[in-house]
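Notes to accompany the following structure.
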Amino acid sequence: MTDWTTADIEDQQGRVAVITGANTGIGLETARVLAQRGATVVLACRDKDKAERAAAGIGGSTRTYPLDLTSLDSIRAAAQRIRDDFPRIDLLIDNAGVMMTPPGHTADGYELQLGTNHLGHFAFTGLLLDRMMGVPGSRVVVVSSSANRQGAIDLADLHFRQRKYTPAAAYGQSKLANLLFARELNDRLAVAGAETISIAMEPGVTPTELRRYVRGATSLAIRVITRLFGQPDAAAGARVVLRAATDPQTRGGDYYAPDGRPPLRARGNPIRIAPVDTDAHIRRELWAESIRLTGVDYGTLTHSVR
């Protein structure tokens, strides 16, 4: 099998790509390649100054918008600015996130990792989706992680108010929520007959700023795993995102990962793999709870595949 490389990406001229957390790491490398291929790239980032510096380094057609995924007010404001400026969006990459943070909460009182990684992206995607649904070839790409395999969704206590908080458990829950969201969104888009599809992916263990909260023995273990099995740099992790985002053969509901054995996903060719089986009932319950918590109702996407 021939390896897939960024040279395989078709011309992106005329397409608009919105990427969260695009000022560093995998998001930055993804933005760089898409801009090089001719796309107009929207960098939606918490720190607008850092986003503007990143955009200047990327070159091409780029725009920056402040987006703090820990605040529903910020999410609504960012989405409205982007809607005002772009009547159509071809690609939305839900990339930003936090990993294994100490106990904390978003501005709206939700557990920090779930609130940032899942609920923030759930709201942001829902507020932009009508700019995509009629656009042929449009895609939502949700960045999950191999950690979703160790995650569990506790609908009765999503925010660790009753159970003991551990950084790894909260991270695994948030990354499983990303996968469930991508699958449920795709089902609902299909029922609605939308042009848009939804895909999830995992970049493999990649050396980025995402691990800034990881300390002690866990940090050492991750560094060793990355050196032995992980991606060599953020550009390699971005290749998986880029294939999910641009491969003409991609189908809704697909899951992309590096060509390697789970759960570490050794460095290698980005390929389609079979995602973790997900319980349709849990997907629908999480969807309903996410609407309740964010106030974003996704309009006509009221039904999913039963």
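The values are calculated or read from the model by the stated rules, or taken from the named source; none is laboratory data. These figures come from a predicted structure and were not determined experimentally. Neighbour counts run over all protein chains shown; Cβ positions are idealised from the backbone, glycine included.
Of the residues in segment 1-29, how many are polar (S, T, N, Q), in contact (Cβ under 8 Å) with a residue 24 or more places away in the chain and more than 10 Å from T246 (Cβ to Cβ)? Steps first, please.
Of segment 1-29, the ones polar (S, T, N, Q) are 2, 5-6, 12-13, 20, 23-24.
If we keep only those that are in contact (Cβ under 8 Å) with a residue 24 or more places away in the chain too, we end up with 5-6, 12-13, 20, 23-24.
The next check asks that each one be more than 10 Å from T246 (Cβ to Cβ); those that pass are 5, 13, 20, 23-24.
Final tally of qualifying residues: 5.
Kindly indicate whether any position in segment 247-255 is touching a helix residue (DSSP H, G or I) at 6+ places or on another chain (Cβ under 6 Å), of a type outside the set (V, I, T), part of a strand (DSSP E or B) and modelled with pLDDT of 80 or more. Walk me through it before giving the result.
So the first thing to find is which residues in segment 247-255 are touching a helix residue (DSSP H, G or I) at 6+ places or on another chain (Cβ under 6 Å), and the list is 252-253.
Next cut, of a type outside the set (V, I, T) only: 252-253.
Add one more test, that the residue is part of a strand (DSSP E or B), and what stays is none.
Within segment 247-255, not a single residue is touching a helix residue (DSSP H, G or I) at 6+ places or on another chain (Cβ under 6 Å), of a type outside the set (V, I, T), part of a strand (DSSP E or B) and modelled with pLDDT of 80 or more.
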Members of segment 282-306 that are assigned to a loop (DSSP other than H, G, I, E, B) and within 11 Å of F122 (Cα to Cα): G295, V296, D297, Y298
Find the residue count for segment 45-65, including only residues that are in contact with a helix residue (DSSP H, G or I) (Cβ under 6 Å, 6 or more places away or on another chain) and either over 28 Å from I9 (Cα atoms) or among the aliphatic types (A, V, I, L, M) (or both). 2
Residue by residue through segment 83-108, note down the ones that are under 30 Å from P136 (Cα atoms) and either surrounded by 22 or more Cβ atoms within 10 Å (Cβ to Cβ) or within 15 Å of the chain's Cα centre (by Cα) (or both). I89, D90, L91, L92, I93, D94, N95, A96, G97
Quickly run through segment 90-132 and pick out the residues that are closer than 19 Å to T294 by Cβ and assigned to a loop (DSSP other than H, G, I, E, B). N95, A96, G97, V98, G104, T106, A107, D108, G109, Y110, M132
Test result for T70, in contact (Cβ under 8 Å) with a residue 24 or more places away in the chain, surrounded by fewer than 22 Cβ atoms within 10 Å (Cβ to Cβ), closer than 16 Å to R139 by Cβ and among the β-branched types (V, I, T): no
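Within the bounds of segment 84-99, is there any residue that is without any contact (Cβ under 8 Å) to a residue 24 or more places away in the chain and closer than 26 Å to G134 by Cα? Spell out how you get there, then give the answer.
Step one: filter segment 84-99 for residues without any contact (Cβ under 8 Å) to a residue 24 or more places away in the chain, giving 84-85.
Filter once more, so that each one left must be closer than 26 Å to G134 by Cα: 84-85.
Yes, that holds for at least one residue.
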